[in-house]
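Chemist: This is the structure I have questions about; it appears just below.
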Amino acid sequence: MAGDDPKSALFLCALQNAVKHGGVPQAGAVIGMVMGTHPELRSRAKEVSALAKEAIAEVAALSVDERVARLQADAPEQYTALFAKHEHRKGLPDLEGAEHGVVMRFAPNPSGPLHIGHARAAALNDAYVKQYGGRYILRIEDTDPKRVDPDAYEMVKEDIRWLGLEITETVTQSDRLPFYYELCRELIGRGGAYVCTCDNEHFKELKQAKVACPCRDQPVETGLALWEKMLAHGFSEGEATVRVRTDLFNPDPAMRDFPVFRILDAPAHPKKPDAFVYPLMNFSVVADDHLLGVTHVIRGKDHIANTRRQRYIYDHFGWEVPVYRHYGRMGIEGVVLSTSQMRKGIDDGVYTGWDDIRLGTLRALARRGISPEAVKNAMLAIGIGDTDISFSWDNLFAENKKIVDPVANRYFFVPDPVTATIAGAPHHVAHAQLHPGDAARGVRTLAFEGSVLLPAAELRPEVTMVRLKDLFNVNLAWDGATPSFAYAGDSLADARAAKAHIIQWLPAQEAVPCTLLTPEGEMTGACEPAVRSELDKVVQFERVGFVRIDAVSEDGVRAYFTHK
């Protein structure tokens with residue numbers, strides 16, 4: 001009963017909090033946990049408050065590994081609770097007019113692979129289609145040949161499959177040019193557009209002055225004839241443009257008779273090399289959203305101006321306008337997202353490829369061991385609010401940790417290893433759990449036979465004792481900068497009394513060379529032989545972090561750092 005021993009309850013709550021959050025808790029948090037689970041202590045609040053400080057001090061004196069070991073030993077149910085899955089997630093706001101299902105689209109440009117910035121729209125649309133039922137269209141918007149990478153068509157589809165989007169159909173805009181051409185004829189015939197042959201700079205001057213260009217009042221027949229001349233390659237690039245009739249007195253000059261078709265003589269389109277008349281985004285988007293039956297559009301608020309432009313086209317055709325939701329900008333720091341910068345870096349040898357873990361592509365995240373579910377969950381947590389936000393990598397890593405922590409096996413990795421011969425140490429066999437929350441997985445055995453590998457960073461002149469995790473204690477004696485090592489018994493209590501750090505180690509005769517690549521650089525070291533069996537899986541290198549095992553060979557193991 002906690003009433004008989006409140007300090008014990010306080011200590012275990014403080015210990016659980018510290019293991020969960022990686023730091024020493026505040027007294028208020030611990031007291032609140034205890035009072036919530038043991039209401040009989042509320043009448044002893046003053047006593048509990050004093051004891052809480054003592055309990056927290058005891059937890060603070062323990063190393064991170066010692067805290068885990070104590071919680072496992074003294075309260076295994078509280079340790080197991082840390083790995084329990086919590087399925088509840090705050091739902092997305094309802095969509096207007098979605099009661100009978102939705103048709104939504106994700107529309108990337110094939111200029112390169114998808115990156116973390118694309119994931120927000122992709123995940124939000126996917127979640128709403130699952131919520132309401134309906135169709136989810138992947139629309140590859142490739143009507144600007146200057147921005148098309150032929151390899152990106154397949155890369156985008158691969159990234160979609162990795163992300164797990166439930167796409168029901170895929171369309172590519174360059175395959176739909178005949179539809180756009182026919183709709184342009186109709187728009188000109190309705191008087192909603194005209195072919196402008198004015199010099200571009202002169203048109204800009206007229207637009208700024210709210211004055212119509214000479215082409216604006218052309219008869220419909222003239223406009224249609226000029227359109228056919230465009231399609232017949234009767235004009236060169238820059239000589240003719242199709243413009244939508246809007247309001248010349250609109251306060252925003254960008255809304256005044258904006259262009260919807262242009263001529264591009266070069267470069268040749270990789271899929272349609274004979275094409276030279278291309279729709280601009282605002283036309284092709286409206287055409288496809290209507291023809292494909294899109295009911296709801298979710299996109300960034302940087303598209304608000306485009307939404308206003310597109311309404312002119314909807315009105316000219318008399319089409320129903322989809323429901324729009326515009327979310328705030330998402331600032332992403334710490335990685336390169338510009339496709340042109342990434343490509344240049346790859347060409348220059350700065351990056352190893354599109355999956356270089358210093359980049360923000362989805363394939364780079366996959367190589368690091370980030371789960372697609374973690375990416376989607378992080379984006380759904382951000383939601384569709386219109387407030388600008390900064391993307392938090394820590395939030396993404398926290399989502400990923402929920403997924404990998406319960407399944408990732410634990411192993412020792414020794415960075416920058418130093419070989420140490422332990423004088424006076426008897427033969428030992430360490431039995432370390434594969435997973436601290438799942439004893440049924442068993443243990444891995446590490447045999448000590450005289451020499452071990454230890455991390456150089458842990459061996460400093462002020463260190464006089466360390467405990468080799470799951471093995472025994474070691475005394476260090478220093479001759480200048482050179483240590484000698486001697487067996488100091490098996491007692492964990494002695495190690496605690498000496499405030500010895502618990503460190504990872506490896507039998508010198510069994511260690512496997514291991515290279516760990518991080519966004520900051522490369523770490524060389526050694527790992528357990530059993531790591532070879534974890535190819536393409538995420539494991540935890542104890543006291544280092546989660547890593548994905550990328551390659552295994554006779555020469556050793558290569559791993560990529562995922563997160564702490």
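Chemist: Tell me the residue from GLU237, GLU228, GLU201, GLU169 that is touching a helix residue (DSSP H, G or I) at 6+ places or on another chain (Cβ under 9 Å), among the acidic types (Asp, Glu) and either surrounded by fewer than 16 Cβ atoms within 10 Å (Cβ to Cβ) or at pLDDT below 95 (or both), please. Before the answer, list the steps.
Modeler: Numbers: GLU237 fails: touching a helix residue (DSSP H, G or I) at 6+ places or on another chain (Cβ under 9 Å); GLU201 fails: touching a helix residue (DSSP H, G or I) at 6+ places or on another chain (Cβ under 9 Å); GLU169 fails: touching a helix residue (DSSP H, G or I) at 6+ places or on another chain (Cβ under 9 Å).
Going through GLU237, GLU228, GLU201, GLU169 in turn, just one is touching a helix residue (DSSP H, G or I) at 6+ places or on another chain (Cβ under 9 Å), among the acidic types (Asp, Glu) and either surrounded by fewer than 16 Cβ atoms within 10 Å (Cβ to Cβ) or at pLDDT below 95 (or both): GLU228.
Chemist: Only one of these is more than 30 Å from ARG363 (Cβ to Cβ) and modelled with pLDDT under 75: LEU41, LEU95, LEU71, LEU51. Name it.
Modeler: So the residue among LEU41, LEU95, LEU71, LEU51 that is more than 30 Å from ARG363 (Cβ to Cβ) and modelled with pLDDT under 75 is LEU41.
Chemist: Working carefully through the options GLU77, GLU54, find the one that is out of contact with any Leu (no Cβ under 9 Å at 6 or more places or on another chain) and of a type outside the set (A, V, I, L, M, F, W, C). Spell out how you get there, then give the answer.
Modeler: Numbers: GLU54 fails: out of contact with any Leu (no Cβ under 9 Å at 6 or more places or on another chain).
Within the list GLU77, GLU54, the selection yields GLU77.
Chemist: Residue by residue through segment 358-390, note down the ones that are farther than 18 Å from LYS401 by Cα and in contact with a Phe, Trp or Tyr (Cβ under 7 Å, 6 or more places away or on another chain).
Modeler: Correct list: ARG358, LEU359, THR361, ARG363, ILE384, GLY385, ASP386.
Chemist: Go over the candidates PHE413, PHE448 one by one and state the one that is touching a residue at least 24 places away in the same chain (Cβ under 8 Å), farther than 30 Å from ALA374 by Cβ and aromatic (Phe, Trp, Tyr).
Modeler: Going through PHE413, PHE448 in turn, just one is touching a residue at least 24 places away in the same chain (Cβ under 8 Å), farther than 30 Å from ALA374 by Cβ and aromatic (Phe, Trp, Tyr): PHE448.
Chemist: Hey, could you check segment 509-564 for residues that are hydroxyl-bearing (Ser, Thr, Tyr) and touching a strand residue (DSSP E or B) at 6+ places or on another chain (Cβ under 6 Å) and say which is farthest from VAL404 (Cα to Cα)?
Modeler: THR524
Chemist: Output yes when any residue across segment 427-440 is surrounded by 14 or more Cβ atoms within 10 Å (Cβ to Cβ), touching a helix residue (DSSP H, G or I) at 6+ places or on another chain (Cβ under 8 Å), touching a residue at least 60 places away in the same chain (Cβ under 8 Å) and not assigned by TED's automatic domain parsing to the domain that holds PRO529, and no when none is.
Modeler: Yes.
Chemist: Go through the residues of segment 275-289 one by one and say whether even a single one is surrounded by fewer than 16 Cβ atoms within 10 Å (Cβ to Cβ) and either in a loop (DSSP other than H, G, I, E, B) or touching a residue at least 40 places away in the same chain (Cβ under 8 Å) (or both).
Modeler: Yes, because at least one residue in segment 275-289 is surrounded by fewer than 16 Cβ atoms within 10 Å (Cβ to Cβ) and either in a loop (DSSP other than H, G, I, E, B) or touching a residue at least 40 places away in the same chain (Cβ under 8 Å) (or both).
Chemist: Determine whether ASP247 is over 41 Å from the mean Cα position of the chain (by Cα), assigned to a loop (DSSP other than H, G, I, E, B), within 22 Å of ASN306 (Cα to Cα) and modelled with pLDDT of 95 or more.
Modeler: yes
Chemist: I would also like to ask the following. Among the candidates PHE412, PHE472, PHE448, PHE485, single out the residue that is closer than 21 Å to THR562 by Cα and surrounded by 19 or more Cβ atoms within 10 Å (Cβ to Cβ).
Modeler: Being closer than 21 Å to THR562 by Cα and surrounded by 19 or more Cβ atoms within 10 Å (Cβ to Cβ) holds for just one of PHE412, PHE472, PHE448, PHE485, which is PHE412.
Chemist: Go over the candidates TYR180, TYR128, TYR194, TYR153 one by one and state the one that is of a type outside the set (A, V, I, L, M, F, W, C), under 30 Å from SER390 (Cβ atoms) and at pLDDT 95 or above. Working first, answer last.
Modeler: Numbers: TYR180 fails: under 30 Å from SER390 (Cβ atoms); TYR194 fails: under 30 Å from SER390 (Cβ atoms); TYR153 fails: under 30 Å from SER390 (Cβ atoms).
Within the list TYR180, TYR128, TYR194, TYR153, the selection yields TYR128.
Chemist: Conditions: (1) crowded, with 22+ Cβ neighbours inside 10 Å; (2) modelled with pLDDT of 95 or more. LEU138 meets all but one. Number of the miss?
Modeler: (1) is the only condition that LEU138 fails.
Chemist: When you go through HIS118, HIS100 one by one, which is the residue that is modelled with pLDDT of 85 or more, more than 17 Å from ALA14 (Cβ to Cβ) and in contact with a Pro (Cβ under 7 Å, 6 or more places away or on another chain)? Lay out the reasoning, then the answer.
Modeler: Values: HIS100 fails: in contact with a Pro (Cβ under 7 Å, 6 or more places away or on another chain).
Being modelled with pLDDT of 85 or more, more than 17 Å from ALA14 (Cβ to Cβ) and in contact with a Pro (Cβ under 7 Å, 6 or more places away or on another chain) holds for just one of HIS118, HIS100, which is HIS118.
Chemist: Another question, if that's okay. Residue pairs, Cβ under 6 Å, 6 or more apart or interchain, first in segment 197-214 and under 21 Å from MET230 (Cα atoms), second among the aliphatic types (A, V, I, L, M) and surrounded by 12 or more Cβ atoms within 10 Å (Cβ to Cβ). List them.
Modeler: Listed pairs, sorted by first residue: THR197/ALA240; CYS213/LEU206.
Chemist: Could you list, in sequence order, all residues of segment 471-496 that are among the aliphatic types (A, V, I, L, M) and over 43 Å from the mean Cα position of the chain (by Cα)?
Modeler: LEU476, ALA477, ALA481, ALA486, ALA488
Chemist: Residue pairs, Cβ under 6 Å, 6 or more apart or interchain, first in segment 548-564 and buried (at least 19 other Cβ atoms within 10 Å of the Cβ), second polar (S, T, N, Q) and in a strand (DSSP E or B). List them.
Modeler: ARG548/THR562; PHE561/THR518
Chemist: I would also like to ask the following. Between a residue in segment 224-235 that is farther than 14 Å from ARG262 by Cβ and any residue that is part of a helix (DSSP H, G or I), which pairs come within a Cβ distance under 8 Å, given they are 6 or more apart or on different chains?
Modeler: LEU224/ARG185; LEU224/ILE188; LEU224/GLY189
Chemist: Against the condition touching a strand residue (DSSP E or B) at 6+ places or on another chain (Cβ under 9 Å), in a strand (DSSP E or B) and either within 22 Å of LEU224 (Cα to Cα) or of a type in the set (A, V, I, L, M) (or both), how does VAL294 come out, does it pass?
Modeler: Judged against the criteria, VAL294 is not a match.
Chemist: What's the total number of residues in segment 323-363 that are within 21 Å of GLU373 (Cα to Cα) and free of Cβ contacts under 8 Å to residues at least 12 places away in the same chain?
Modeler: 1
Chemist: Shifting gears a bit: Within the set of pairs 6 or more residues apart or between chains, which connect a residue that is of a type in the set (Ser, Thr, Tyr) inside segment 108-122 to a residue that is in a helix (DSSP H, G or I) with Cβ atoms less than 8 Å apart?
Modeler: Close Cβ pairs satisfying both conditions: SER111/ARG147; SER111/ALA152; SER111/THR339.
Chemist: Among the residues of segment 111-149, count how many are on the phi < 0 side of the Ramachandran plot, outside any strand (DSSP E or B) and more than 20 Å from the chain's Cα centre (by Cα).
Modeler: Residues that pass the stated criteria total 13.
The values are calculated or read from the model by the stated rules, or taken from the named source; none is laboratory data. All of these numbers come straight from a predicted model, not from anything done at the bench. Every residue, glycine as well, gets a Cβ built from its backbone with ideal geometry; the counts of neighbours run over all protein chains shown.
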